[in-house]
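First comes the structure, then the notes that go with it.
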Amino acid sequence: MTTFFETNRQEIIYGATVIISVIVLNVLTTLLMKGLMTLKKKKFPYVNTTPIFLIKRVLRTLWIVLGLIALSFLFVEEGKYGALKHHFKVALYLGFMAVLTIVSATSVNLWFRKNIKEKILTQEDPTALKFLRYVAVATIYFVGTLIGLMAFPSLRGIAQTALGGAGVLALIVGVSSQEALSNLVSGIFIISFKPFKIGDVVKVTDTMIGTVTDITFRHTILRNFENKMIVIPNSIINKEKLINYNLGELKCCEHIEIGISYDSNVELAKKIIQEECENHILILDNRTELEKKDNLPIVRTALTKLNDSSVTIRAWAWVRDFGDAFNLKCDVYESVKLRFESNGIEIPYPYQTIVMKEAQEVNK
């Protein structure tokens, strides 16, 4: 045994040094990640911890791979040292590029988050910055991946071509028929022409109405009034005819329609609806100076439809914004119903009149 250790003394010392180095590097990596987690909790509590865990796994894997390659020198012939050195350099290069890419993307993401938060605090529009954040982070990961592929001779030509202008153009042409590019281009159009922005209340269909919370590469996210998220692909929402309640003037005209029976007093019903709207705290006087001079009412009412079993009376009520319109409509429906009941005005159910005729015998 003594002879074995004396004969292989250098190899044993080398192997032990490699193993101890890998253990020390893993311990230092763990301590570094704990320090970064502590710093994150203090300065960036809102930031996702995924990048830190990802860097930790990359570094730990790198140290193990490098250690195994280093130990391989003990078991191969001297003529194969060149190949092992090449593998060692490739592993080190890939590990370095992975860490650099993750750190760069995370730093850029933090910068954008900080500026977005400042814009929200100063009540400025953060839509463009939010979209550019996705573009910048995705670009960093894309470029980092291509640079990493350059470590492999068989893929180096593809990576160099993709990094060039011709490669990017070929990539765009190659996926131009795919939905992914359509969503991306639609997202860029939305950011550029701003039919809506983050924080706007928009109505796409009767079932898709809510506040815009985010615009990404692929989709736009609405939070509806049930606090549910509606995810709409950019290519779809870009083609839809939508209503933006925050574009231009915020004030809007709410149509309040109520049906009454044919036997009810139409003039009295119109007066009740008008009074309930005008007495509501949220009503907005949208009359011109000339209309005020002519003593025209704040809320106009009119009979608009003759239905099968009812007539429809409509009131045009102006309010400051979409939220006020919904609240006023709910309150007016309730108060009008109570006054209709006390004044004998019927809100009818649909009904049919059946006429029965007695059968008569026909004398032949």
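Over the chain, with a Gaussian network built from C-alpha contacts below 10 Å, which listed residue (Ala128, Ala83, Ala138) shows the highest mean-square fluctuation? Judging by the Gaussian network model, the answer is Ala83. Dipole size of the chain about its Cα centre, with +1 on Lys/Arg Cβ and -1 on Asp/Glu Cβ: approximately 2040 debye, rounded to the nearest 20.
Full extension of the chain between Val103 and Val355 yields a length gain of 82.4 nm, computed as 0.36 nm times the residue separation minus the alpha carbon distance.
The ranking of Ser310, Ser21 from fewest to most other beta carbons within 10 Å of each one's beta carbon is Ser21, Ser310. Give the residue from Leu32, Leu181, Trp111 lying farthest towards the positive end of the charge dipole for the chain; charges sit on Cβ (+1 for Lys and Arg, -1 for Asp and Glu) and the dipole is referred to the Cα centre. It is Leu32. Set the Förster radius R0 to 56 Å, insert the Cβ-Cβ distance between Phe96 and Thr288 as r into 1/(1 + (r/R0)^6), and round the FRET efficiency to 0.05. Taking R0 as 56 Å, the efficiency between Phe96 and Thr288 is 0.20.
Across the options Gly144, Val299, His280, the greatest Cα extent toward the positive end of the charge dipole of the chain (unit charges at beta carbon of Lys, Arg, Asp, Glu) belongs to Gly144. Along the axis of the charge dipole computed for the chain (Cβ charges of +1 for Lys and Arg, -1 for Asp and Glu, origin at the Cα centre), the listed residues Ala83, Val204, Asn343 are led at the positive end by Ala83. Label-to-label distance for Asp263 and Ile236 is 4.9 nm, based on points extended 7 Å past Cα in the beta-carbon direction.
Identify which of Phe152, Phe142, Phe112 has the largest mean-square fluctuation in a Gaussian network model of the chain, with springs joining Cα atoms closer than 10 Å. Checking each option, the largest mean-square fluctuation is seen for Phe152. In sequence order, region 130-136 has phi-based couplings of 5, 5, 5, 4, 5, 4, 5 Hz under the Karplus curve 6.51 cos²θ - 1.76 cosθ + 1.60, θ = phi - 60°, and Gly or Pro positions carry x. Placing dummy labels 7 Å off each Cα toward the beta-carbon, the span from Leu31 to Thr216 is 3.9 nm. Across region 252-342, the convex hull enclosing all Cα atoms gives 99 Å³ per residue.
Here Val355, Val90, Val332 are placed in order of increasing Cβ neighbour count within 10 Å, fewest first, which gives Val355, Val90, Val332. Please work out which option in [x] 1.05; [y] 1.10; [z] 1.74 gives Cα Rg over 2.2 N^0.38 Å calculated from these coordinates, and answer with its label. So the calculated entry is the one marked [z]. Between Phe326 and Asn343, residue separation times 0.36 nm minus the direct Cα-Cα distance comes to 3.5 nm.
If you plug the beta carbon distance of Asn227 and Tyr14 into 1/(1 + (r/R0)^6) with R0 = 45 Å, you get a FRET efficiency near 0.10. How far apart, in nanometres, would the label points at Glu124 and Val185 be if each is projected 7 angstrom from Cα along the Cα-to-Cβ direction? With each label point 7 Å from Cα toward Cβ, the separation is 3.2 nm. Dipole size of region 1-148 about its Cα centre, with +1 on Lys/Arg Cβ and -1 on Asp/Glu Cβ: approximately 820 debye, rounded to the nearest 20.
Once the Cβ-Cβ distance of Ile23 and Glu78 is raised to the sixth power relative to R0 = 25 Å, the FRET efficiency obtained is 0.35. Counting only alpha carbon atoms, the long axis of helix 9-43 and the longest principal axis of the chain meet at about 20°. Relative to the current alpha-carbon distance between Glu334 and Lys117, full extension at 0.36 nm per residue lengthens the span by 74.0 nm. In order along region 91-108, the phi-based Karplus estimate (6.51 cos²θ - 1.76 cosθ + 1.60, θ = phi - 60°) of 3J(HN,Hα) comes to 4, 5, 5, 5, x, 5, 5, 5, 5, 4, 5, 5, 5, 5, 5, 5, 5, 5 Hz; Gly and Pro are listed as x. In a Gaussian network model over the chain where Cα atoms closer than 10 Å are linked, find which of Ile116, Ile232, Ile12 has the largest mean-square fluctuation. Checking each option, the largest mean-square fluctuation is seen for Ile12.
The 3J(HN,Hα) values that the Karplus relation (6.51, -1.76, 1.60; θ = phi - 60°) gives for region 74-89 are, in residue order, 6, 10, 10, 6, 4, x, 9, 4, x, 5, 5, 4, 5, 4, 4, 5 Hz. Gly and Pro appear as x.
Bear in mind these aren't lab numbers, they're just calculated from the coordinates by the rules spelled out. Just so we're clear, the structure is a prediction, and the values are computed from it rather than from any experiment. Heads up, the Cβs are rebuilt from the backbone with ideal geometry, glycines too, and the neighbour counts pull from every protein chain shown.
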